[in-house]
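Visitor: One structure coming up, written as structure tokens, with questions to follow.
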Amino acid sequence: MTVVNFSDIPAMIHKVTPESPIGIFDSGIGGLTVVKAVQAALPSERIIYFGDTARVPYGPKSQVTIRKYAFDDIAILMRYQPKMIIVACNTVSALALDVVEKACGSIPVIGVLKAGAELAVKATINNRIGVIGTQATICSNAYACAINMLNPEIQVVSQACPLFVPLAEEGLIEHPATQLIATEYLAEIRTKGIDTLVLGCTHYPILRRVIEETIGQGIRIIDSAEAVALRTKQLMTESELLNPSLKTCPPHLLVSDLPQKFSMLYQLFMGSELPDVELVDVG
Ligand code: DGL
């Protein structure tokens, strides 16, 4: 396998205006949780969303592969000359944020992981936070590092829940299989006295109800989508790049494969009909 040295890759430069779109990406449908929150906070913004549906899941893959995928994803979005990029994928935020930042040059980049860590630190009272995420995110220890950078006193308990991604992509939202797997994955973390649980993968809010029921009452669930949306609004306001249009438009969707369930999941999740979807080749 060829290992690409991303520090040699020049940033893709283009001019931005308030009318330029906001680019958002994830490995699949998970990032739509972030699209929904950004749309609610900034209804006039044009959103270009790329879901790498041909190569999902990213979580069980190696760091080398995830970094390559992140570069491909950003190269696709940069064709649309976005004014900023949201990495709606914790796995990429944990292992390849620098690749995205490098490729984006002066275009601002927000990753979901930092937003999730900040929210969790604000939410915990007993300084015990649980984090669930993909294998790659949990093994990277990126959440524990981000949380402990903000407060070294906090104890972080982590658990990889790899099967949650295919279950969400399959639309098995309240299926007994999902309940069974949630019981298995969350058994240990339930015993650790946490008062806050970070959904450290953007697919997991799709399964939120089952996760919430399984982890038990009284535990705050952290979904970073809203924090990311607020940060986006703040950033666009500060840089005078808010779109002045009074019109709202559906997101422009790009996918690398169009699985049959995509339309059903989109409707279920976004509460609206699937807009036109463009199929792109990730090479
Ligand atoms: N939704 C992504 C995340 O937040 C990736 C899941 C996957 O592709 O394994 O990590």
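The values are calculated or read from the model by the stated rules, or taken from the named source; none is laboratory data. Predicted model, so just to flag it, every value in this text is computed and none were measured. Note that each Cβ is placed from the backbone with ideal geometry, even for glycine, and that neighbours are counted across all protein chains shown.
Visitor: Quick one: in segment 73-95, which of the residues that are in a loop (DSSP other than H, G, I, E, B) and away from the ligand (no atom under 11 Å from the Cβ) is nearest to Thr17 (Cα to Cα)?
Guide: The extreme case among them is Lys83.
Visitor: Just to be sure before I move on: is Val92 in contact with a Ser or Thr (Cβ under 9 Å, 6 or more places away or on another chain) and closer than 13 Å to Ser27 by Cα in the structure I sent?
Guide: yes
Here's the yes/no breakdown for (1) surrounded by 22 or more Cβ atoms within 10 Å (Cβ to Cβ); (2) over 23 Å from the mean Cα position of the chain (by Cα); (3) within 20 Å of Gly116 (Cα to Cα):
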site	(1), (2), (3)
Cys201	yes, no, yes
Ile206	yes, no, yes
Gln217	no, yes, no
Ala225	yes, no, yes
Val228	yes, no, yes
Arg231	no, no, yes
Leu235	no, no, yes
Ser245	no, yes, no
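Visitor: Then there's this: Take the conditions out of contact with any helix residue (DSSP H, G or I) (no Cβ under 8 Å at 6 or more places or on another chain) and either modelled with pLDDT under 95 or under 24 Å from Leu42 (Cα atoms) (or both) and apply them to Gly193. Does it pass?
Guide: no
Visitor: Now, a different point. Considering only residues that are surrounded by 21 or more Cβ atoms within 10 Å (Cβ to Cβ) and small (Gly, Ala, Ser), look in segment 36-51 and name the one that is farthest from Phe269 (Cα to Cα).
Guide: Gly51
Rundown of residues vs (1) within 12 Å of the ligand (Cβ to nearest atom); (2) under 17 Å from Leu235 (Cβ atoms), yes/no style:
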position: Pro21; (1), (2): no, yes
position: Asp26; (1), (2): yes, no
position: Gln39; (1), (2): no, yes
position: Ser44; (1), (2): no, yes
position: Ile47; (1), (2): no, yes
position: Asp52; (1), (2): yes, no
position: Val56; (1), (2): yes, no
position: Gln63; (1), (2): no, no
position: Phe71; (1), (2): no, no
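Visitor: Another question about this same structure. Filter segment 186-207 down to residues that are within 24 Å of Glu170 (Cβ to Cβ) and part of a strand (DSSP E or B) and give me whichever is farthest from the ligand (Cβ to nearest atom).
Guide: It comes out as Leu197.
Visitor: Let me ask something else. Mind telling me which of the residues Leu242, Leu253, Leu235 ends up being in contact (Cβ under 8 Å) with a residue 12 or more places away in the chain and in a helix (DSSP H, G or I)?
Guide: Leu235
Visitor: Restricting the search to segment 122-170, which residues are assigned to a helix (DSSP H, G or I), away from the ligand (no atom under 13 Å from the Cβ) and surrounded by fewer than 20 Cβ atoms within 10 Å (Cβ to Cβ)?
Guide: Within segment 122-170, Lys122, Ala123, Ala144, Cys145, Asn148, Met149, Leu150 meet the criteria.
Visitor: If Val64 passes every condition in (1) in contact with a helix residue (DSSP H, G or I) (Cβ under 8 Å, 6 or more places away or on another chain); (2) surrounded by fewer than 24 Cβ atoms within 10 Å (Cβ to Cβ) but one, which one does it miss?
Guide: Status for Val64: all satisfied but (1).
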